[in-house]
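The values are calculated or read from the model by the stated rules, or taken from the named source; none is laboratory data. Since the model is a prediction, treat every value here as computed from it, not as a measurement. Note that each Cβ is placed from the backbone with ideal geometry, even for glycine, and that neighbours are counted across all protein chains shown. Side chains included, ligands, DNA and RNA excluded: accessible areas come from the protein's heavy atoms. Shrake-Rupley method; radii C 1.70, N 1.55, O 1.52, S 1.80 Å.
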Amino acid sequence: YIVDSREVAKYYIERYDKPPVYIAYGADTPEPTNDDGSVEEYGLETRKYILFVGRLVREKGVHHLIKAFEMTDTDLQLAIVGDNPHNRTYVESLKATTDPRIRFLGFVYGKGYQRLCNNAYLYVQPSDVEGTSPALLGAMGFANCVVVSDIPENLETIGDAGVSFERGNPLSLKEQLETLIGQPQLVREYGQRARARVESVYSW
């Protein structure tokens, strides 16, 4: 069998005493552009929103992100890309937020997805459970500063090219968000490191 995460490989070795084949996942590293108006159709402004992309399921931890963002003092918006037609109860619980800065964009693909990644201020992956996340790698490939929960699979993916917070702890995430919101130069530096990590470790 094949895995795309060395941390997942450890699980199979411990559980079944048989090492799987490791093949890293990949992501593109498109050249960034400065298209200030490219996200206006989503009610957003360039570099003035935090981005999440993924299925809206509990293990992705979007509820942690929303709680953290609600506590964060910022003029930035939170753009949540994704949906879950199979569990409307969870999705509606997320949409019950009264914070006007939070935007649910549903599924976005192709050039729209690329524009959203290209113009974000930073990207958050708040997973409680994860393997190697294609959405996280995609965000890194677009030179986004990434903030991830500290589960081993996320830490393996970002290496030293991102920031982590305590899994399941919205206050910990809030603190990291506020730190990065106040340091745009640091955000840019992490973004370049994230892109370089994709090129060196996760290139197709």
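Summary of computed values
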{"read-out": "The range 77-101, residues that are within 25 Å of LEU180 (Cβ to Cβ) and open to solvent by 20 Å² or more (accessible area, probe 1.4 Å)", "value": "GLN77, THR97, THR98, ASP99, PRO100, ARG101"}
{"read-out": "Residue in the range 146-166 that is farthest from GLU70 (Cα to Cα), counting only those that are open to solvent by less than 30 Å² (accessible area, probe 1.4 Å) and part of a helix (DSSP H, G or I)", "value": "THR157"}
{"read-out": "Any hit, the range 139-149, residues being over 14 Å from VAL53 (Cβ atoms) and either among the charged types (D, E, K, R) or modelled with pLDDT under 95 (or both)", "value": "no"}
{"read-out": "Selected residue (only one of THR72, THR29 is at pLDDT 95 or above and surrounded by 14 or more Cβ atoms within 10 Å (Cβ to Cβ))", "value": "THR72"}
{"read-out": "Subset of the range 80-94 (residues that are of a type in the set (A, V, I, L, M) and either modelled with pLDDT under 95 or part of a helix (DSSP H, G or I) (or both))", "value": "VAL91, LEU94"}
{"read-out": "Tally, over the range 167-204, of residues that are open to solvent by less than 30 Å² (accessible area, probe 1.4 Å) and part of a loop (DSSP other than H, G, I, E, B)", "value": "1"}
{"read-out": "Any hit, the range 47-63, residues being basic (Lys, Arg) and free of Cβ contacts under 8 Å to residues at least 12 places away in the same chain", "value": "no"}
